[in-house]
Amino acid sequence: MGSNNKKYWLVVTSPENFKHDREELNFKTQGLPDRNKKQVKKMEPGDRVIYYIAELQKFGATATITGTYYHEETKLWTDEDRIWPARCPSEPDIVLEDDELVDAKKLVPDMNFIENEQYWGAYFQGSIKQIPEEDFKLIESEMKKIISSRIDEEETGIRSEELKDEEDYRNAIEELNLQSSSVHDRIGEMLEQIGTWMDYNSQTRFKITPDHAYELDVAWLKGKNPEIAFEVQIGGNITEAKDRLSQARKFNYRKVIMVLKEDDLSRLNRIMKHEPELRNWMDVWSIGTVYEMYKAGEKFFKYYKILKDSSYKEKTELELV
């Protein structure tokens, strides 16, 4: 999850400036009024930013801070006579199109920084504010659900029936179009994506509770409520992975799953011999299971998304899906 000092910021923008950021500036610069320079000076590389479009009451993008504060009066944005001189550099992470924006009102009941839901709009006033990590990740999870519909459907050229053993699956995972480099992190990314397809608030490197020492490789939540915890154990200490899952059970995860190399299953069973309570709540998945579920999900959820969509659409004629 990165440094414990990482901060999460909500930046309020207008539809015009959001469009300009998306089409011209590519979210390379955070710019705010001079009255907000104290907050901008607190921004550090690695901090995350989420954009709230005030007039639309929707979230539109996330970015990561890449540098520190500077003062610059060159006009970049579109608002009349606005300079936004308190600045720092950033890079975009998720950027949504106009028809993809996330409705803030839908997430209000699950956001911790909103203390009074009746007057929730008041909590989005001002140009910038720091928000809890769990609120940021909840919003970004909704954005990832939208991004998942854009997934490249191009085949890797490998058919499942050609995969004979664990090494074949590892090689197939390395050929997938994923962002992570190590097999461990790529499996975590796949599990995060599967959870997103299933409408979970799906997170990698997620703390069991906000102030807990342990973090899980992957967590699936319903809103902010824990559901399923994953540990990807294809290297490292099995006992430590087991302990993290044990802690997840104590904090109300209804199911815990360890992704394990086949050769390590007998060792895990020896470790779990004297822990029947945890053992009865735990599943063990192979690397191949994750791969097969991910590849099946690419196809299934493409059509499931269409099935779930009940919105009215103007049509001159009907077409086959």
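Show the residues, 5+ positions off or on another chain, whose built amide H is closer than 5 Å to the amide H of ILE128.
For ILE128, whose amide H was placed from the backbone, the distant partners under 5 Å are VAL12.
With charges set only on the Cβ (+1 for Lys and Arg, -1 for Asp and Glu), what does the dipole of the chain come to about its Cα centre, in debye to the nearest 20?
Charge dipole, the chain, about its Cα centre: 1280 debye, nearest 20.
Whats the longest run of the chain with zero GluC sites (Glu not before Pro) that are DSSP loop and have at most 12 other Cβ atoms within 10 Å?
Here the longest segment lacking exposed loop sites spans 176-313.
Decide, for segment 164-221, between rounded, prolate and oblate: order the square roots of the alpha carbon gyration tensor eigenvalues as a ≥ b ≥ c, take rounded if a/c falls under 1.5, and otherwise choose prolate if a/b is larger than b/c, else oblate.
Since a/c reaches 1.5 and a/b is larger than b/c, the shape of segment 164-221 is classed as prolate.
Magnitude of the Cβ-charge dipole of segment 8-148, K/R +1 and D/E -1, about the Cα centre, nearest 20 debye?
On the way: 19 positive and 28 negative charges, 96 e Å.
My answer is approximately 460 debye.
Go through segment 246-257 residue by residue and turn each phi into a ³J(HN,Hα) via Karplus (6.51, -1.76, 1.60, θ = phi - 60°); whole Hz please, and just put x for glycine and proline.
Along segment 246-257, the couplings run 4, 5, 4, 4, 5, 9, 6, 5, 6, 8, 10, 9 Hz.
Pick out, in residue order, every one of the trypsin sites (Lys or Arg not before Pro) in segment 262-321 that is DSSP loop and has at most 14 other C-beta atoms within 10 Å; say none if there are none.
Qualifying residues, ordered by number: LYS273, LYS313, LYS315.
Under 5 Å between amide hydrogens, which residues at least 5 positions from LYS58 or on another chain qualify, with H placed 1.01 Å from N in the peptide plane?
Amide H neighbours of LYS58, under 5 Å, 5+ apart: ILE53, ALA104.
Quick one: how many lysine pairs does segment 8-148 have with C-alpha atoms less than 14 Å apart and a gap of 8 or more or different chains? Give me the count, please.
Lysine pairs, 8 or more places apart or on different chains, close enough: 9.
Whole number please: convex hull volume per residue, Cα atoms of segment 8-148, in Å³.
With only Cα atoms used, segment 8-148 gives 105 Å³ per residue.
Using only the Cα atoms, what convex hull volume per residue in Å³ does the chain have? Each step should come with its number before you reach the end.
On the way: hull volume 54.8 nm³, N = 321.
Taking the convex hull of the Cα positions in the chain, it is 171 Å³ per residue.
Starting from the Cα coordinates of segment 160-304, work out the convex hull volume and express it per residue in Å³.
Output value, Cα hull per residue: 118 Å³.
Any read-out appearing in this document is the output of simple, stated calculations on the displayed coordinates, not a laboratory observation. This is a predicted model, so every value here is computed, not measured. When we count neighbours, we look across all protein chains shown, and the Cβ atoms used for this are built from the backbone with ideal geometry, even at glycine.
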